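Asks: Below is one structure. I have some questions about it.
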Amino acid sequence: MTENDSVLVIAVFAVIASLAAAGFSYYAMSEGPKVSGFLSNTDTGTASLTVESVLEIEFTDDTVAFGSGRVATGQASATLYTNGTIVNGNWTAESTGLVLENKGNVNASTLTLSATKTAATLLGGTSPQYNWKVSSADSACTSAISSYTAVNSSAVACNQFGYLDSADTLRIDFELVVPMDSLKGALSDTITATAAP
Amino acid sequence: MKKKSIFALIAMAISLIMLVNSASALGITPAITEVDFEPNAVHTLIIDVINAKEGRKVSVYAEGEFAQYATIDKTDFYNGARINVIIKLPAEMKNPGPNNFYIVAAEEPPQNVFISSAVAVKARITVNVPYPGKYIDANLNVPSGNVDDKIPVELKVINHGTETISVNPIIEIYDRSGNSREKMEFNPITLKTNEFDYFRRYLDTKGFKQGDYVAAAVIDYSGERKTINQTFKLGNLKIDILNFTKILEGGRINKFNIMVKNNWNNEVKGVYADVSLSKGNYTNSFRTPSADMKAWEEKELTGFVDAKEMTAGEYKMDINLNYAGQMTYYSGIVTVTEPKLFDKFIISGVIAIVVALLLGAGYFFLKKNKKPRQKR
């Protein structure tokens, strides 16, 4: 057997082996489970995100300063408003009141205002008045105290105090009637705003 | 006397100052928490009190009928804090449904000012007590969208009853004439007490017309039925012309306003109008500045028309409203009036008379005060 014959024999055996292997592969593929890159079942996943609710309020204008003053001579009383009007007195005009802003990301379903004193305990004298009212230029809330009402220990200022930047601010104005025979010296009170979601 | 006056001033001085050294602010988060009732269960909630004014003491307490079940680990602190609220539920609660109580954070006002202001905020904790038997709450959410689009439809069902139920909902979409346009069915599911699940599907609005629609969810749950509806709008990329200026004054430059409405559920940018006024062989054209319009917005476009050479009478008006590669055309009649010369004559005349009077008065004053010459 020459060298060429040997190579021929090896080549024939290689062809037979290849054909056999191909046959075995075909048989395995036809009988066994098929695996391909195509997704034949669908599945679902979930993505979740939690955004926390924040309730935050701030007095952005927390000062009403009338300064020092007195009732004009000969007058029974003086009236002070936080809209810039002083009647029968020489106190400094105050034109902005208190301004409250909802800085959170939820509405306050209830906003309550409270004071620790009344007209009698804050000002004293004959027929004093200590009134407040609430308004909202950007419609943050429709107030239940839309006209001057006597300050008391707890009053609902509005329901649904909004949080959107376009409507999240309200103003508290005061009307004080200081009688000639009022209390003198440094007077004090605390106005508390309480917000609930 | 002077001393008495000073004393009187001091005695009668009243300082009415509602003053706080600095802005009062306070926040609480989460502001809303829901807890499902289970007999004798213990829940720990983490609540943050934030943005407290530096140096201002904050007090925290529980408030409400069910506050007795809550214990707070920190009740007084400065500058904000994270607090743990431990809720120990009783063996039973008599009132089914939502039971609320509050965690209150309150500033203490400063003591050394005349009148101070303070804020307090409350976090609401809702304990959901199951109703006896079968009871569900459901929320249907279908946002407004556009025609030829896909809108997500979502129904959430929560079992707030004491019994395990099988839930089988159907959502149907109706147009404003009451015709059913789409019906969505879902595989029934089982919900135990306090469990919830979502039913979601996309609504293909191909072939729908612009307008108002109603989504109605009918939820059958173990022999009971609940129905909830929600309205939504489908928009179309079309901007309508609602109104326009109909009268112009000849002889001057006039404002020309066009009121338009965006019927698309998205913003449309760069909306402008080309306006043409013609009578016989005369044509006057101008373009308005462009404007961006929000979804469903009505807006006024304003241009200026030079009517100095326009004679009085009726002009044919053509408006081509351009937006997003599309156009809306509208035609109408605009009336040009005679220029208001008579008014101008009156005003000019009055001014002339006033000036003449002032000059005359000034001459008379000067002449009267002129010193006579001294005779030598």
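The values are calculated or read from the model by the stated rules, or taken from the named source; none is laboratory data. Computed from a prediction, not measured in an experiment: that's the story for all the values here. Backbone-built Cβ (ideal geometry, glycine too); neighbour counts: all protein chains shown.
Asks: Determine, yes or no, whether A:Thr190 is closer than 18 Å to A:Leu113 by Cα, within 9 Å of chain B (Cβ to nearest Cβ) and touching a Pro at 6+ places or on another chain (Cβ under 8 Å).
Replies: Values: closer than 18 Å to A:Leu113 by Cα: yes; within 9 Å of chain B (Cβ to nearest Cβ): yes; touching a Pro at 6+ places or on another chain (Cβ under 8 Å): yes.
In short, yes.
Asks: Which residues, taken from the range A:71-87, are assigned to a loop (DSSP other than H, G, I, E, B), surrounded by fewer than 19 Cβ atoms within 10 Å (Cβ to Cβ) and under 43 Å from the mean Cα position of the chain (by Cα)? Before you say what the answer is, go through the steps one by one.
Replies: We begin by selecting, within the range A:71-87, every residue assigned to a loop (DSSP other than H, G, I, E, B); these are A:72-76, A:82-85.
If we keep only those that are surrounded by fewer than 19 Cβ atoms within 10 Å (Cβ to Cβ) too, we end up with A:72-76, A:83-85.
Passing the criteria: A:Asn83, A:Gly84, A:Thr85.
Asks: In the list A:Gly97, A:Gly74, which residue meets the criterion of being facing chain B (nearest Cβ under 10 Å), on the phi > 0 side of the Ramachandran plot and not basic (Lys, Arg)? Spell out how you get there, then give the answer.
Replies: Values: A:Gly74 fails: facing chain B (nearest Cβ under 10 Å).
The unique qualifying residue is A:Gly97.
Asks: Moving to a separate point now. More than 9 Å from chain B (Cβ to nearest Cβ) and within 19 Å of A:Val54 (Cβ to Cβ) - does that describe any residue in the range A:129-144? Full working, then the answer.
Replies: Initially, the range A:129-144 is screened for residues more than 9 Å from chain B (Cβ to nearest Cβ), giving A:129-144.
If we keep only those that are within 19 Å of A:Val54 (Cβ to Cβ) too, we end up with A:140-141.
For the range A:129-144, residues more than 9 Å from chain B (Cβ to nearest Cβ) and within 19 Å of A:Val54 (Cβ to Cβ): present.
Asks: Could you tell me which numbered condition A:Tyr148 fails, if it satisfies all but one of (1) under 30 Å from A:Ser53 (Cβ atoms); (2) among the hydroxyl-bearing types (Ser, Thr, Tyr); (3) more than 14 Å from chain B (Cβ to nearest Cβ)?
Replies: Every listed condition holds for A:Tyr148 apart from (1).
Asks: Let me ask something else about it. Just checking, does the range A:100-119 include any residue being away from chain B (no Cβ under 13 Å), modelled with pLDDT of 90 or more and not in a strand (DSSP E or B)? Lay out the reasoning, then the answer.
Replies: Filtering the range A:100-119 down to residues away from chain B (no Cβ under 13 Å) leaves A:118.
Next, from what is left, pick out any that are modelled with pLDDT of 90 or more: A:118.
Remaining after also requiring not in a strand (DSSP E or B): A:118.
Within the range A:100-119 (the criterion being away from chain B (no Cβ under 13 Å), modelled with pLDDT of 90 or more and not in a strand (DSSP E or B)), the answer is yes, since at least one residue qualifies.
Asks: Filter the range B:10-50 down to residues that are in contact with a strand residue (DSSP E or B) (Cβ under 6 Å, 6 or more places away or on another chain), modelled with pLDDT of 85 or more and assigned to a loop (DSSP other than H, G, I, E, B) and give me whichever is surrounded by the fewest Cβ atoms within 10 Å (Cβ to Cβ).
Replies: Selected residue: B:Phe37.
Asks: Between residues in the range B:36-55 that are within 14 Å of chain A (Cβ to nearest Cβ) and residues that are in a loop (DSSP other than H, G, I, E, B) and hydroxyl-bearing (Ser, Thr, Tyr), which pairs lie under 8 Å by C-beta distance while being six or more apart or on different chains?
Replies: Every condition considered, the pairs that remain are B:Lys53/B:Ser22; B:Lys53/B:Ser24.
Asks: What residue, among those in the range A:135-184 that are in a strand (DSSP E or B) and among the polar types (S, T, N, Q), is farthest from A:Leu122 (Cα to Cα)?
Replies: From the range A:135-184, those in a strand (DSSP E or B) are A:135, A:142-143, A:149-150, A:155-161, A:169-179; that's our starting set.
Next, only the ones that are among the polar types (S, T, N, Q) stay: A:135, A:142-143, A:149, A:159-160, A:169.
Details: A:Ser135: 24, A:Thr142: 28, A:Ser143: 25, A:Thr149: 16, A:Asn159: 28, A:Gln160: 31, A:Thr169: 28 Å.
Out of the qualifying residues, it is A:Gln160.
Asks: Tell me which residues, restricted to the range B:140-194, are under 22 Å from B:Asn265 (Cα atoms) and part of a loop (DSSP other than H, G, I, E, B).
Replies: Selection gives B:Val142, B:Pro143, B:Ser144, B:Val147, B:Asp148, B:Asp149, B:Arg176, B:Ser177.
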